[in-house]
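We did not get these values from a lab; they are worked out from the coordinates using the rules stated. From a predicted model like this one, the values you see are computed outputs, not experimental measurements. Because the Cβ atoms are built from the backbone with ideal geometry, glycine has one as well, and the counts that use them run over all protein chains shown.
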Amino acid sequence: MKTVQLGRTGEQVSQLALGCMIMGTVTPEDEAVTILDRYVEAGGNFLDTADCYCWWENRGSYGGESEELIGRWLARSGRRENVFLATKGTAVPRDLDKVWDADGRPDWEAAYRNFVGAGAKTLRDAIDGSLRRLGTDHVDLYYVHVDDRSTPLEETLEALAGIVQAGKARYIGWSNVRTWRLERIRQLCAQHGWPAPVALQQQHSYLRRRAGLRHASIVDDEQLDYLETHDDLTLVAYSPILKGIYDDPGKREGHWAMDPYQGPDAEARLAAVAEVAAEVGVTPNALVLAWLMHQTSPEIVALIGPRTLQQYEAALPALDVKLTEQQLARLDAAGA
Ligand SMILES: NC(=O)c1ccc[n+]([C@@H]2O[C@H](COP(=O)([O-])OP(=O)(O)OC[C@H]3O[C@@H](n4cnc5c(N)ncnc54)[C@H](OP(=O)(O)O)[C@@H]3O)[C@@H](O)[C@H]2O)c1
């Protein structure tokens with residue numbers, strides 16, 4: 001499996017990363033373990049989880065099921081040294097009674113208001129909890145899961161520096177963050193000698209966000225431009241196939257994952273994907289993964305989240321796609 005350097009760390013991570021968000025809740029353990037085994041056997045090394053995965057799948061859960069499953073898998077398989085293990089803190093709700101609506105569905109706005117955030121003690125406790133569930137003494141990458149504007153960045157960064165110093169995380173990353181905040185974070189790190197983020201985890205795919213959208217989590221032009229000129233920060237693209245909407249017009253009809261993209265630009269790009277996918281002989285979902293992995297400035301890690309073994313296997317043909325300059329140019333030019 002092709003690897004890319006994470007930032008300028010010298011660490012090589014698989015360009016197709018495996019997201020474990022729904023493992024242990026939606027995906028049953030035996031199937032999740034088969035996916036993990038197959039991924040590592042195929043040469044993959046970059047695993048992604050978080051301490052909050054997946055409280056919203058089970059009322060009464062605090063999250064942590066995904067980390068626990070990975071912990072059991074690592075203990076059984078002895079594969080800790082074969083994987084570059086990333087987890088995240090800050091986005092566990094403080095009070096789980098306040099994050100469900102009257103119909104028993106997760107209330108995301110309430111959840112956002114309720115996140116434990118990135119205070120120093122919260123982070124120190126959170127990393128210890130993650131390490132306990134994962135059954136390891138360190139993670140390779142520790143992200144601030146959701147940028148927290150109510151805690152002074154100095155406090156968060158100093159705590160993260162302490163976590164790195166203690167050997168509990170080798171590198172840090174940030175997720176769901178605006179570019180100006182990222183710049184401020186990096187300036188503070190440079191000023192104080194704290195470890196700066198080497199990975200930026202944002203939602204990113206082939207479709208482009210619709211004009212006028214306010215969103216801290218989906219990469220925009222400004223952020224792409226920033227990344228092009230700061231290659232010490234690697235873009236880890238989550239939801240790269242937008243929950244699998246590229247293959248199936250029926251699935252994207254009314255799907256919430258389409259909402260940030262809806263419009264003529266998306267229609268034009270969906271048509272281009274379908275056309276090139278047919279030429280190349282892969283599914284549109286796989287073509288989008290291949291397109292992401294063909295990007296060079298910035299280089300992109302595509303972080304998939306298959307629910308089933310079959311979905312995992314459906315992503316693999318993307319690794320063998322070689323897009324021509326002409327096909328890349330057509331895909332880039334498509335739009336309204
Ligand atoms: N930092 C963050 O805030 C954040 C947010 C989200 C995710 N993440 C990370 O990123 C990882 C990937 O994100 P994601 O799960 O949103 O990515 P994704 O790969 O775009 O979506 C995964 C979903 O797409 C559907 N799917 C997958 N393969 C398919 C196929 N071949 N055909 C049709 N549908 C398919 C499945 O949903 P169905 O149930 O519809 O089949 C699956 O659950 C997560 O595991 C997590 O580690 C991070």
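Taking one quarter of the surface of the convex hull spanned by the alpha-carbon atoms of segment 15-122 gives a direction-averaged projected area of 7.8 nm². Taking the number of Cβ atoms within 10 Å of each Cβ as an exposure proxy, the fewest-first ranking of 297, 239, 205 is 297, 239, 205. Reported to the nearest whole Å, the Cα centre-to-centre distance from segment 1-32 to segment 142-174 is 21.
Scalar couplings 3J(HN,Hα) for segment 294-304, obtained by applying the Karplus form with A = 6.51, B = -1.76, C = 1.60 to θ = phi - 60°, are 8, 5, 10, 9, x, 5, 10, 9, 8, 9, 8 Hz; x denotes Gly and Pro.
For the options 93, 197, 106, a Gaussian network treatment of the chain with springs between C-alpha atoms closer than 10 Å singles out 106 as fluctuating the most. Derived from the Cα gyration tensor, the three semi-axes of the equivalent ellipsoid of segment 1-78 are 24, 15, 10 Å, largest first. With θ taken as phi - 60° and the Karplus curve 6.51 cos²θ - 1.76 cosθ + 1.60 applied, the whole-hertz 3J(HN,Hα) list for segment 86-100 is 10, 9, 9, x, 4, 10, 8, x, 5, 10, 6, 6, 9, 10, 10 Hz, x standing for glycine and proline.
The phi torsions of segment 255-264, fed into the Karplus equation with coefficients 6.51, -1.76 and 1.60 and a -60° offset, translate into couplings of 6, 4, 5, 7, 3, x, 10, 2, x, x Hz, rounded to whole numbers, with Gly and Pro shown as x. Each semi-axis of the equivalent ellipsoid for segment 101-224 is √(5λ) with λ an eigenvalue of the Cα gyration tensor; in descending order they amount to 25, 20, 14 Å. Packing order of peptides 163-173, 183-193, highest average first: 163-173, 183-193 (average count of other Cβ atoms within 10 Å over each peptide's residues).
Both the radius of gyration and Dmax for segment 129-170 are 11.2, 31 Å, in that order, over alpha-carbon atoms.
Across all directions, the average flat footprint of the convex hull enclosing the Cα atoms of segment 246-290 is 3.1 nm². For the Cα trace of segment 155-201, dividing Rg by the Kirkwood Rh returns an Rg/Rh value of 0.94. Pick from 34, 296, 283: which is most flexible by mean-square fluctuation in a GNM of the chain where alpha carbon atoms under 10 Å apart are linked? In the Gaussian network model the winner is 296. With the highest mean first, a sort of the peptides 153-160, 98-105, 54-61 on other beta-carbon atoms found within 10 angstrom per residue produces 153-160, 54-61, 98-105. Close amide-amide hydrogen proximity is noted between residue 143 and 87, 88, 89, 173, each under 5 Å apart and 5 or more residues distant or on a separate chain (H modeled in the peptide plane; Pro and chain starts excluded). Building the convex hull from the alpha-carbon atoms of the chain and averaging its projection over directions returns 16.3 nm².
With N denoting the number of residues in segment 202-336, provide Rg(C-alpha) divided by 2.2 N^0.38 Å, to two decimal places. Each step should come with its number before you reach the end.
Values: Rg = 14.1 Å, N = 135, 2.2 N^0.38 = 14.2 Å.
Here the Cα radius of gyration is 0.99 times the empirical estimate.
With one equal scatterer per alpha carbon and no solvent term, the Debye-computed log10 I(q)/I(0) for segment 256-336 at 0.16, 0.18, 0.19, 0.23 1/Å reads -0.65, -0.82, -0.91, -1.24. Computed over segment 107-159, the P(r) curve from all C-alpha pair distances, binned at 5 Å from the origin, holds 4, 18, 26, 23, 17, 10, 2 percent per bin.
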